[in-house]
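Here's the structure, in structure tokens; my notes come after.
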Amino acid sequence: MLNNLTPFLIHWAITGVSLWVASHLFKGLKFDSASALVISALLLGLANAIVKPLLIVLTLPLTLLTFGLFLLVINALMIMLVAALVKGFKVSGFWTALFASIFISLLSILIGSFVTSSDPAEQIQMPQSGNWL
């Protein structure tokens, strides 16, 4: 049980740190309190896990037409959705959300590459033999 909880907590912390750094770099991204930051990080993770895949499927023709660039718009919409749901989180507009989402994604990847383990034993491995069904 705790093996599944640890990656979730690490990802949540990385998202929180990325949001915090982005709020200091982007003038239009503000948090009123630390609790708003923590809740925003949690909701952004949930929105990316639940709502974002649905939006990707619904906008697949547009995403293919723009060679995947519409995914940046979906990322910005996820930040705007979280800002609408969390009382202490404010985003000034779409463009701020777009550039902040790009920055948050890149910073999360960078931090995640240093924090996550490179031990092959901890990674998910495919079965070497047996039935796949």
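The values are calculated or read from the model by the stated rules, or taken from the named source; none is laboratory data. Just so it is clear, the structure is predicted and the values come from calculations on it, not from any experiment. We place every Cβ from the backbone using ideal geometry, glycine too, and count neighbours over all the protein chains shown.
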Residue check, LEU42 within 15 Å of the chain's Cα centre (by Cα), surrounded by 11 or more Cβ atoms within 10 Å (Cβ to Cβ), farther than 24 Å from THR116 by Cβ and modelled with pLDDT under 95: no
Given GLY130, GLY88, GLY93, which one is exposed (fewer than 12 other Cβ atoms within 10 Å of the Cβ) and modelled with pLDDT of 90 or more? GLY93
Tally up the residues in the range 73-94 that are out of contact with any strand residue (DSSP E or B) (no Cβ under 8 Å at 6 or more places or on another chain), under 20 Å from LYS27 (Cα atoms) and free of Cβ contacts under 8 Å to residues at least 40 places away in the same chain, please. 8
Can you give me the ranges of the helices (runs of 4 or more DSSP H) entirely in the range 22-124 with at least 3 residues that are among the polar types (S, T, N, Q)? 34-58, 94-115
Members of the range 107-121 found to be loosely packed, with under 14 Cβ neighbours inside 10 Å, at pLDDT 70 or above and of a type in the set (A, V, I, L, M), listed by number: ILE109, LEU110, VAL115
Conditions: (1) under 23 Å from PHE114 (Cβ atoms); (2) in contact (Cβ under 8 Å) with a residue 12 or more places away in the chain. HIS24 meets all but one. Number of the miss? (2)
The condition from (1) of a type in the set (Gly, Ala, Ser); (2) closer than 19 Å to VAL17 by Cα; (3) in contact (Cβ under 8 Å) with a residue 24 or more places away in the chain that ALA49 misses is numbered (3)
